[in-house]
Structures are given as structure tokens and as C-alpha cells.
Amino acid sequence: MASEMIGAIGLALLLVLMVLRVPVALTMLVVGVVGFAQIISWDAAIAQVKTVPVEVLSNYSFSAVPMFILMGVLAAHSGMAGKLFHSTRVICGGWKGGLAIAAVGSCGVFSAISGSSLATASTMTRVALPEMERYGYNRGLATGALAAGGTLGIMIPPSIALLIYAILTEQSVGDMFMAGLVPGLMGLVMYALTVSVMMRLKPSLAVAGEPTAWKEKLASLGGLLPFFAVFLVMILGIYFGAFTPTEGASVGAFATLLYALVKGLRGAELWRSVQETLALSAVVFFMLVGAEMLGYFISVSRISFSISDLLYGMELAPIVVVLCILLLYFVLGMFMDSIAMLVITVPVVFPIIQSLGIDPVWFGIITVLTVELGLMTPPVGMNVFVIKAMAPHVGLGEIFRGVAPFVVSDLLRLTLLILFPVLSTMFLI
């Protein structure tokens, strides 16, 4: 049997196993090992099983992953998230829909040091949703704003998704982080504008918050300082070459730990933060090991090169190919976790992108944004299910309806990034 045919069968089996709810990491590992054995040999496949986990777990670049996770966990457990929402609520005081805008803003700021959309959504839902319900906000608007705001964690640097894309495609992590800065801030602003437009079209969705004086607004900025301090130290340090992105993750984690200790995080709470970080990191690394094995299988099967040749034969314009790939990501995002989707598909599509001469950094940004859309769309919008778990009294359909305007906002943002690539490449080092 031709290697391309074995590759196609392997990818089909991958989808079948995921539909059957086999864990994604295990699915990639099994398909990668068996497929590699069918093309090369079982001895070579077993040798890969021995060496690949060691290569992944000892990869210096991957050490940034647990550091970013630790930052988010410590920020959640040390009370930083609560102070963050309080500050943004005071700043938005008196605005119609101000609490929803404050929730979106809090998600954007929190994601700047958590690097995870799911962590951002779950943490800010605990803090912000009770307040919005207390003020009579429509539950769809409240949960929709939190589900959308949580997705900012996948784009605003430092982002675990951008980090993994950079490592899988051998791009500069610093370049990916800087490229994600403007698109991430665009998302924050456009989500806030979406809330304002919804308020204008349907004022009954929310009430105006309690007005606050300028003196109170300025005083509340103190709650934002820890986040901006950590964020600026990392981003400016990476941008000006003071340290590498991996070292920056350690610097950020250490700064967050110091803040947590100053705020009294001790004993059991500190140990629980470490345990949570280890558990989440183990899940990510298991997926990375599976993705590496799958990548070897795809490489020896040459299926990605066959697809490239097919596209060349069709004489499609590069932008049409990009749009087809993004459509694939949008569909997959309805069923799969964002990190899993990246580690499964990037080894397949990236050679195609390279062969077409498309900027890999720009492609990474629009890919991650499309993956971000999948976190909000049915039937398996991961952020929506996280919020449903945090707020079981809110119906799933109600959350999906509430998040729909933000999906439209993201589609507009994606269109702007495709039409104007400079928006994501203006700050490249």
C-alpha cells in the first residue's frame, strides 16, 4: 500500500477515534506509532516511542508552558482576579452595560498573564457573573461576554497556543507574541464595542452601573498594576532582548509568586496551586508527545506533500488555499479543543503554507484566531461549557445565543487581519 494511502487512512482513523471519545493525546500517539510502523517498521516505531517523549520533555522551549500555567493559577488563587474585576468595574461605573464591558476588560487583562482561555473564562466567571446577576443583567449577555472575553487568552501574549504554534513550526516565539499583541487588543476593543452596540439595540439587556467619580476611577487603577507590571516586564524584556521568551515565562512566574506570597498565599493554597499547575502541564505535554509521534507519521507518509501537489495542480491562488484551511479550522473548532486542534493539524497544513510562500507568522495569527472562534461555537464550544460548569443554572442555549454577537465581532476581526496583514506584523523583531 502506498505511504500516502496509509497516511489518509491514519488521519481518518484519528477522526473516528476522537468521535468515539478516545482522549486526543492517546489517539495521536496510537495513530502515529501504528502508522509509522506500517510505513517504516515496528522496530523503528518502538525506537521512536523510546526517544520522542524524552525529546519533548527535555525540550528547553517547552519549559515555558508550565511557567505560563503557573502564572495563571497563582493569579487566580492569590485574589488578583477579584481585585482586577473590582478595578475595571469602578472604571466603567455609570456606563450602560458597564459591568459586561468590565468583565470583558478583566478577561483581557487576566489573559495577559494566564495564557489560557479556559483558565481565564473559569476564573472570571466565578468573580464577575454573580455581580452581573445581582444588578439584573440578562444572563445571555453576561455569560456571552465572559465566554468571549475568555477567548482573549489564546491571542494576547503570552499565549500558550502561540507558543505551541511557534515551536511546532520552528518560528520565533518572540515574533509570535509580538504579532499577537495588536490582534489581541483589537479583540478586547471590539468586544467592548459589541456590548455597547447591543445596549443601543436592546437597552433592556442591562442597566447602568453606579456612577463613580474620576478620583475613584484613578484610585482603582491600583488593582491593575500587578497585571501590567508582570505583562510589561515580560513583553518589553522579550522585545528588547533582555531575555528569551522561555526565560520571560520564568520571570513572570516568579513575579506572580512574589505577589501571591505578599498577599498571604501559604501552605495548602500554595500547594494546591502547584498541584493544579502540574496536572494541567501533564495534559499539555502528553498532547505534545502524541503530536510529535503523529508528526513523524505524517512526514514519512508524505500526505502533506501530496496535498500540496494537488493544490498546485488546481492552480488555486494562495489566499484561496488559506481560506480553505481556515474553513477547515472553523469546522474542527466546533468539535475539538484548541490546543489539540493545533498540534494535530499544523504538521499537515504547515508544509502547504511553506510551499505557497505565505508568511508563517501571519498565518499563525489568523489560524489561532480561527481556533479561538471554535471556543465559542456549537456544538462543542469549550469556553461555553466551562461557563456552563461554573453557572449550571444558565441554559446552554442561552449562553450560545449570548455569545453569537461576539462571534460576529471575531469574524470581522479575522476579515481585517486577512485584508491587512500589517496589523499582525508591524511589531516583529
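Those helices (runs of 4 or more DSSP H) of region 93-199 in which 1 or more residues are farther than 22 Å from His393 by Cβ and out of contact with any strand residue (DSSP E or B) (no Cβ under 6 Å at 6 or more places or on another chain) occupy 98-114, 117-134, 160-169.
For (1) modelled with pLDDT of 80 or more; (2) more than 24 Å from Met178 (Cα to Cα), each residue gets a yes or a no:
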| residue | (1), (2) |
| --- | --- |
| Val104 | yes, no |
| Ala112 | no, no |
| Thr125 | yes, yes |
| Met132 | yes, yes |
| Arg139 | yes, yes |
| Ala145 | yes, yes |
| Gly150 | yes, no |
| Ala166 | yes, no |
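Can you spot a residue in region 127-138 that is buried (at least 24 other Cβ atoms within 10 Å of the Cβ) and touching a Gly at 6+ places or on another chain (Cβ under 8 Å)? No, region 127-138 contains no residue that is buried (at least 24 other Cβ atoms within 10 Å of the Cβ) and touching a Gly at 6+ places or on another chain (Cβ under 8 Å).
Within region 339-379, the set of residues being free of Cβ contacts under 8 Å to residues at least 40 places away in the same chain and assigned to a helix (DSSP H, G or I) comprises Met341, Thr345, Ile353, Gln354. Scan region 211-224 for residues that are over 32 Å from the mean Cα position of the chain (by Cα) and surrounded by 11 or more Cβ atoms within 10 Å (Cβ to Cβ) and the total you get is 3.
Scanning region 16-38 for residues that are in a helix (DSSP H, G or I), closer than 24 Å to Leu280 by Cα and aliphatic (A, V, I, L, M) yields a total of 10. How about region 68-92: which of its residues are under 28 Å from Leu278 (Cα atoms), out of contact with any Ser or Thr (no Cβ under 6 Å at 6 or more places or on another chain), open to solvent by 10 Å² or more (accessible area, probe 1.4 Å) and in a helix (DSSP H, G or I)? Passing the criteria: Gly82, Lys83. Only one entry in Phe297, Phe285, Phe227, Phe254 is out of contact with any Gly (no Cβ under 6 Å at 6 or more places or on another chain), open to solvent by less than 20 Å² (accessible area, probe 1.4 Å) and part of a helix (DSSP H, G or I), namely Phe227.
Is it true that Phe110 is more than 27 Å from Lys388 (Cβ to Cβ) and buried (at least 24 other Cβ atoms within 10 Å of the Cβ)? Judged against the criteria, Phe110 is not a match. Being modelled with pLDDT under 85 and open to solvent by less than 20 Å² (accessible area, probe 1.4 Å): is that true of Val65 here? Spelling it out, Val65 is indeed modelled with pLDDT under 85 and open to solvent by less than 20 Å² (accessible area, probe 1.4 Å). Would you say Leu57 is in contact (Cβ under 8 Å) with a residue 12 or more places away in the chain, surrounded by fewer than 15 Cβ atoms within 10 Å (Cβ to Cβ) and farther than 21 Å from Thr345 by Cβ? Criteria met by Leu57.
Regarding Thr120, is this residue at pLDDT 80 or above, of a type in the set (Val, Ile, Thr) and either more than 27 Å from Leu270 (Cβ to Cβ) or open to solvent by less than 10 Å² (accessible area, probe 1.4 Å) (or both)? Against the criterion (at pLDDT 80 or above, of a type in the set (Val, Ile, Thr) and either more than 27 Å from Leu270 (Cβ to Cβ) or open to solvent by less than 10 Å² (accessible area, probe 1.4 Å) (or both)), Thr120 does not qualify.
The values are calculated or read from the model by the stated rules, or taken from the named source; none is laboratory data. Please read all numbers here as calculations on a predicted model, not as lab measurements. Here the Cβ is made from the backbone with ideal geometry for all residues, glycine too, and neighbour counts use every protein chain on show. Calculation scope for accessible area: heavy atoms of the full protein, side chains included, ligands and nucleic acids excluded. Shrake-Rupley method; radii C 1.70, N 1.55, O 1.52, S 1.80 Å.
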